[in-house]
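Values in this text are rule-based calculations from the coordinates and carry no lab data. Source: prediction; values computed, not measured. Cβ atoms come from the backbone with ideal geometry, glycine included; neighbour counts cover every protein chain shown.
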Amino acid sequence: MIWPAEDIWQSCVPLLPALTVEVLKEVDSTNSELMRRARSGQTDPVLLVAQSQTAGRGRLGRQWHAQAGDALTFSLGLMLHPADWSGLSLAVGLSVVESLDPQGSLGLQLKWPNDIWVHDKSNQWAKLAGILIETAVTQKQDRYCVIGVGINISKPSVQDLSIPAIGLREILNSASAPQTLARIAYPLLATALAFEAKGFAPLQMAFEQRDVLRDRPVTLSDGRQGIARGVDNTGVLRVETPQGNQLIHSAEVRVRPSIEESP
Ligand code: BTN
């Protein structure tokens, strides 16, 4: 597989001069690799791409499955100093969705807090991509941030049973992992840097346009049920329940639409 690493580096380096772009044939997980590096003191900014991951990780301790060549798997590692970290996964998701589907014509949407969903041919929601953000505290008590992105290019053979998966090739005539990375890398870096400066608030309206859950009944993994009412200006999910309005922070719970709906 040929990766446009040089072109991506050329476009991104004006934003972040110390950035390197690295492509590995195989690694356990690009997130794990960058977290290991950060813990051993390597905190330079890097875009690390893996053609294949042997132990890809998802949110809440889940595995991220992808056959070599069937997915784009990479992590962007960089020092970040935002005033508030809340909403970063939404900002990242929004950047990816807007890069891949700028007009909204493909129907890519964001499922709070870290998934990209789209309707499949039978009008059921299916997961196209997921985001896993981790941070490592450095010796100077700063944070090195690892933004992991996994995008299915073809439909994966092993799937998370709770939601069907879909590949980008099923909704775009042609798509490859290198091409997809070339589309999303620069906007993603720009988004991370803008988030550091301004937080999630400027993106709240744009998120609203792509919010899968908005005004839909939802069930939380702790059993609570209610109607999702969008996010506040820090990206916290608002859920209207019989017990009153609840604010849901991403680390705690898994949220699912209660009923499958057609678009
Ligand atoms: C999720 O859906 O729960 C998040 C999935 C994140 C997968 C990506 S693939 C690149 C990076 N490395 C990992 O091990 N995970 C993330």
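Points to keep in mind about this one:
- Relative contact order [Cα under 8 Å, 6+ residues apart], segment 217-257, whole percent: 39 percent
- Potential lengthening between Thr234 and Leu60 on full extension [0.36 nm per residue; Cα-Cα distance subtracted]: 60.6 nm
- Number of Lys pairs (Cα under 20 Å; 8 or more positions apart or on different chains) in segment 5-209: 5
- Point-charge dipole on Cβ atoms (K/R +1, D/E -1) for the chain, about Cα centre, debye to 20: 340 debye
- Inverse of mean 1/r across different Cα pairs in the chain, Kirkwood, Å: 18.7 Å
- Taking 1.306 mPa s as the viscosity and 10 °C as the temperature, the Stokes-Einstein diffusion coefficient of segment 75-179 based on its alpha-carbon Kirkwood radius rounds to 107 µm²/s.
- Per residue of the chain, the DSSP helices (runs of n ≥ 4 H) give a summed -39500 (n - 2.57) that works out to -7000 deg cm²/dmol at 222 nm.
- Spacing of the two label points (7 Å from each Cα toward its C-beta) at Thr138 and Gln124, in nm: 4.6 nm
- Förster radius 22 Å - calculated FRET efficiency between Ala18 and Ala197, Cβ distance, rounded to 0.05: 0.75
- Label point distance in nm, Ser162-Gln225, each placed 7 Å from Cα along Cα→Cβ: 1.7 nm
- Cut-off 13 Å, label 7 Å out along Cα→Cβ of Trp9, residues of segment 66-108 by amide N: none
- With the gyration tensor restricted to C-alpha atoms of segment 152-263, the semi-axes of the equivalent ellipsoid amount to 28, 22, 12 Å, longest first.
- Kyte-Doolittle at least 1.6, axis length at least 15 Å by Cα - qualifying DSSP helices, the chain: 88-100
- Fraction in percent of alpha-carbon pairs per bin - 10 Å, segment 217-257: 33, 61, 5
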